[in-house]
Amino acid sequence: MISLRWNIAGSVVVVLLQLGYTAYSARAVDAHAYGAYAITLTVVPFFGYFANAGLSACVLRSERLTLPFVRAARRLGMVSGAVCFLLVEAVAPVFGSVFHMPDLTVMARLLACVFLVQPSANVTVTAMRRAGAAPMAVLAESLGQAVGVATAAGLLVCGWNPFALAVAQPVAAAVALSVGTVWVARRPLPPGPPVRARDLLAPSGFMTSHSLGQFITNNIPLWASGRLFGPGATGSYSRASLFTGLLLTFLYQGINWAVTPLLAERRAEGLSFGQDVQRTLCAASAVAFIGFGITAGIGPTVLRLLLGPGWEPAVALVPVLSAAAAMTLLCYCGGLIDQVRNAPRALLGTLTVTVVATVAGVAAAAFAQALLLVAAAAAAGQGVGHLVQLAAWHRSGLMRAGAALRMHGVHLAVGAALGGAAALGAADRSAAAALGYGLVAILPVVLVCVFLRGWIPVFTVAVAMGLLRSRRSLTSPLPSSAATDPSDPPC
């Protein structure tokens, strides 16, 4: 539970930093210039999947974390990162020519500097989490993000526009690596047998390929926007996607960091983790449908305030991209479960179906020449992928698909009610007034949800995990059998 709370707190801090930085950069950088940076953020990280080589996932899922294991992972990350840095520096002009954006070449070369530090930083911070030092891991990442965005914002103020945008990530990774290295030096990990680089490449190879496939799938809509509608539309799509993607990324990371070590330990001990899987999916369902339901309703108003005038196309995309983020979170958390239970065929099947559905949706959007349909294609692709996951779990006996769909249905109804109320309250008002009216309009729905909380699956799970207390638990102690139930693990 402590780890989960620290991860959530860190996610909130980083999201607030990124939103503040987004608000400033939206006023300092125009849509066309940001469009080039948005393409850079999808092209350069492609090489990052080879630089990171799936090492963070291996560290997080390791049954026993030792000092030789971490050192080998860091060394491999340094070598792969240096190779990818040199490769991007060499091919950066090609990117600018393909997308007809000269600024993209310079931005790609600047952003490539992240490969010199990020792989080792990811391994180190993940090792901190795996070793139970979640507070220090959160501190390292939050401090890195703060220094990174402050450096980029300072360079923008000094006139290095728009290239300063590409500086934030390398600086953030360098700071996180420095803090993590100090922690490793002061708190030595347990010794163990020597670990060679090739011992890490075999298990990380599949995860690298799978992550790369997810990356390509998620960026197909953005690439299609760039080719079909130009840099202006790409900048708008990217701004809206960044707004929802920030919440998606850090919510998923919080679930991943809290749940994966627990499931890995239970699997290593030969224990059943079916109940933990159901709770994980329930939490993901609530965050996805309720959280992004609210985002769909109030998000357009918030983005109007953040970006200022001139970004109306981005604001219009928020509701659809909120739906896409919700389905992506569910699909990603389902993939997390399949990773821990070592089901590569299920992972590949889900990825294949998601790619096909996304490409089909983008093709329809291209035929209709509608940017909104590009965003809808992203939501449809991830939704079909999650349905495939539920079908696979039902066949294997891990979870009944009907129960999962009913759980999703309840959370979707709550999220739709909250989002709908927020949208109605904010309709036809100025940006500043719309935010207040939208939040006030949510309150009656919140009160109804509190009254009917016993019917909401996530409330039941939160009580079972000790995150909340029911009315009954406030007046009477738990039965001894419930207090000592070994199937109710700590968070």
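What to note about this one:
- Selected residue (only one of LEU371, LEU398, LEU412, LEU351 is over 28 Å from HIS210 (Cβ atoms), in contact (Cβ under 8 Å) with a residue 60 or more places away in the chain and open to solvent by 20 Å² or more (accessible area, probe 1.4 Å)): LEU371
- Residues within segment 236-264 that are modelled with pLDDT under 80 and of a type in the set (Gly, Ala, Ser), tallied: 3
- Some residue of segment 325-344 being crowded, with 24+ Cβ neighbours inside 10 Å, closer than 17 Å to LEU435 by Cβ and within 17 Å of the chain's Cα centre (by Cα): no
- For segment 149-174, filtered to residues that are over 27 Å from the mean Cα position of the chain (by Cα) and outside any helix (DSSP H, G or I), the residue that is surrounded by the fewest Cβ atoms within 10 Å (Cβ to Cβ) is GLY159.
- Just so you know, in segment 207-236 the residues that are aromatic (Phe, Trp, Tyr) and either open to solvent by 20 Å² or more (accessible area, probe 1.4 Å) or without any contact (Cβ under 8 Å) to a residue 60 or more places away in the chain (or both) include one that is nearest to PRO344 (Cα to Cα), and it is TRP223.
- In the set (1) part of a helix (DSSP H, G or I); (2) over 26 Å from SER56 (Cα atoms); (3) open to solvent by less than 50 Å² (accessible area, probe 1.4 Å), the condition left unmet by VAL356 is number (3).
- Residue count for segment 324-378, restricted to those that are at positive phi and aromatic (Phe, Trp, Tyr): 0.
- Where helices (runs of 4 or more DSSP H) fall entirely within segment 1-70, those with at least 1 residues that are modelled with pLDDT of 75 or more and of a type in the set (D, E, K, R) are at 2-28.
- Looking across ALA296, ALA323, one residue alone is in a helix (DSSP H, G or I) and in contact with a Pro (Cβ under 6 Å, 6 or more places away or on another chain). It is ALA296.
- Within segment 420-427, one or more residues are open to solvent by 40 Å² or more (accessible area, probe 1.4 Å), in a loop (DSSP other than H, G, I, E, B), under 30 Å from ARG304 (Cα atoms) and modelled with pLDDT under 90.
- Only one of ALA127, ALA112, ALA72, ALA131 that is under 15 Å from GLN169 (Cα atoms) and either open to solvent by less than 40 Å² (accessible area, probe 1.4 Å) or basic (Lys, Arg) (or both): ALA112
The values are calculated or read from the model by the stated rules, or taken from the named source; none is laboratory data. Small disclaimer: the values here were computed from a predicted structure and weren't measured. Glycine gets a Cβ as well: all are built from the backbone with ideal geometry, and neighbour counts include every protein chain shown. Heads up: the accessible areas ignore ligands, DNA and RNA and are worked out on the full protein's heavy atoms, side chains in. Shrake-Rupley method; radii C 1.70, N 1.55, O 1.52, S 1.80 Å.
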